[in-house]
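The structure appears below as structure tokens.
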Amino acid sequence: MGEYPYINTVGRLREFVSKIPDWGVPESVTTKWLPTVGFGSTNHRPIIRILRFIGFIEGNRPTQRWLAYRDNSQSQRVMAECLWSGYSDLFKMYPDAQLRTDDELKNYFKGKTTAGDQVVSSTVNTFKALCSFADFSKVENTSDRASGGKPESSDTLANHNIQGVHNEPNIPLHIDVQIHISADTSNEQIDLIFSSMAKHLYNIRTLEKGIQDENQT
């Protein structure tokens with residue numbers, strides 16, 4: 001198949017993925033390494049292309065995704081992110097692709113290849129086998145999910161925010177507030193306006209102090 005990887009021995013793919021958390025991280029994932037972990041058949045070689053497709057390896061070297069997947073507490077989320085990224089076009093068509101029937105998935109993959117039914121069926125089985133290791137509810141970025149893009153985890157977003165704090169200069173924050181209140185506004189409404197302002201200004205001040213503290217560390 002031109003774009004999407006597949007393997008005929010799907011059971012062995014499941015076995016391979018299930019063992020990743022138990023292995024040490026190899027320096028390189030090659031056809032010479034596969035036999036050392038019990039996958040020496042030529043039928044197992046497509047595993048390498050599948051790993052590359054979902055971002056577990058670049059070239060032949062394990063990536064951060066491989067490392068993150070070894071953590072059982074986040075492995076299902078990591079796999080979901082990898083599938084949304086690798087199968088982005090599929091998830092653009094079906095945001096809930098992991099729940100679609102075999103026939104629906106076959107029809108999609110048939111439109112992407114000139115290969116026969118056996119290859120299409122193996123492609124579907126490969127996708128579903130990988131989905132069995134993913135929990136798509138663990139990633140809350142539904143807008144990225146629907147667009148087929150790679151969602152970022154909350155940890156990744158937090159790291160971006162921290163980097164931004166340290167990279168930005170310590171610029172003083174100055175706010176001017178102007179209030180225009182109609183003459184027929186009641187005292188109760190005025191109290192609500194100022195109460196809401198006090199809450200939001202306090203939050204801004206708290207954020208400013210947090211940024212200053214981060215820049216000083």
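Where a number appears in this text, it was derived from the coordinates with a stated rule and is not lab data. Only a predicted model underlies this, so the values are computations on that prediction, with no experimental measurement involved. Positions of Cβ are backbone-derived with ideal geometry, glycine not excepted, and every protein chain shown enters the neighbour counts.
Return the total of residues in the range 60-76 being in a loop (DSSP other than H, G, I, E, B) and closer than 30 Å to residue 111 by Cβ. Number satisfying all stated conditions: 1.
Yes/no per residue for (1) part of a loop (DSSP other than H, G, I, E, B); (2) free of Cβ contacts under 8 Å to residues at least 24 places away in the same chain:
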{"residue": "3", "(1), (2)": "yes, no"}
{"residue": "6", "(1), (2)": "yes, no"}
{"residue": "12", "(1), (2)": "no, no"}
{"residue": "16", "(1), (2)": "no, no"}
{"residue": "25", "(1), (2)": "yes, no"}
{"residue": "28", "(1), (2)": "yes, no"}
{"residue": "36", "(1), (2)": "no, yes"}
{"residue": "43", "(1), (2)": "no, no"}
{"residue": "47", "(1), (2)": "no, no"}
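Checked against the criteria, residue 51 counts as assigned to a helix (DSSP H, G or I) and without any contact (Cβ under 8 Å) to a residue 24 or more places away in the chain.
Name every residue in the range 122-133 that is within 24 Å of the chain's Cα centre (by Cα) and either without any contact (Cβ under 8 Å) to a residue 40 or more places away in the chain or surrounded by 15 or more Cβ atoms within 10 Å (Cβ to Cβ) (or both), in order of residue number. Walk me through it before giving the result.
The first filter runs over the range 122-133 and keeps only residues within 24 Å of the chain's Cα centre (by Cα), leaving 123-133.
Once the filter is applied, which keeps residues that are within 24 Å of the chain's Cα centre (by Cα) and either without any contact (Cβ under 8 Å) to a residue 40 or more places away in the chain or surrounded by 15 or more Cβ atoms within 10 Å (Cβ to Cβ) (or both), the range 122-133 yields 123, 124, 125, 126, 127, 128, 129, 130, 131, 133.
Filtering the range 77-104 to residues that are assigned to a helix (DSSP H, G or I), in contact with a Lys or Arg (Cβ under 9 Å, 6 or more places away or on another chain) and surrounded by fewer than 18 Cβ atoms within 10 Å (Cβ to Cβ) leaves 88, 89, 102.
Could you say whether any residue in the range 106-129 is of a type in the set (D, E, K, R) and closer than 15 Å to residue 12 by Cα? First the steps, then the outcome.
Within the range 106-129, the subset of a type in the set (D, E, K, R) is 106, 110, 112, 117, 128.
Right, trim to closer than 15 Å to residue 12 by Cα and you get 128.
Within the range 106-129 (the criterion being of a type in the set (D, E, K, R) and closer than 15 Å to residue 12 by Cα), the answer is yes, since at least one residue qualifies.
Considering every residue within the range 46-55, establish whether at least one is farther than 17 Å from residue 124 by Cα and out of contact with any Ser or Thr (no Cβ under 8 Å at 6 or more places or on another chain). Even if it seems obvious, please write down each step before you answer.
To start, the set of residues in the range 46-55 that are farther than 17 Å from residue 124 by Cα comprises 48, 52, 55.
Those still in the list that are out of contact with any Ser or Thr (no Cβ under 8 Å at 6 or more places or on another chain) too: 52.
Within the range 46-55, one or more residues are farther than 17 Å from residue 124 by Cα and out of contact with any Ser or Thr (no Cβ under 8 Å at 6 or more places or on another chain).
So which residues in the range 105-121 are surrounded by 15 or more Cβ atoms within 10 Å (Cβ to Cβ), of a type in the set (Gly, Ala, Ser) and outside any helix (DSSP H, G or I)? Of everything in the range 105-121, just one residue is surrounded by 15 or more Cβ atoms within 10 Å (Cβ to Cβ), of a type in the set (Gly, Ala, Ser) and outside any helix (DSSP H, G or I), namely 115.
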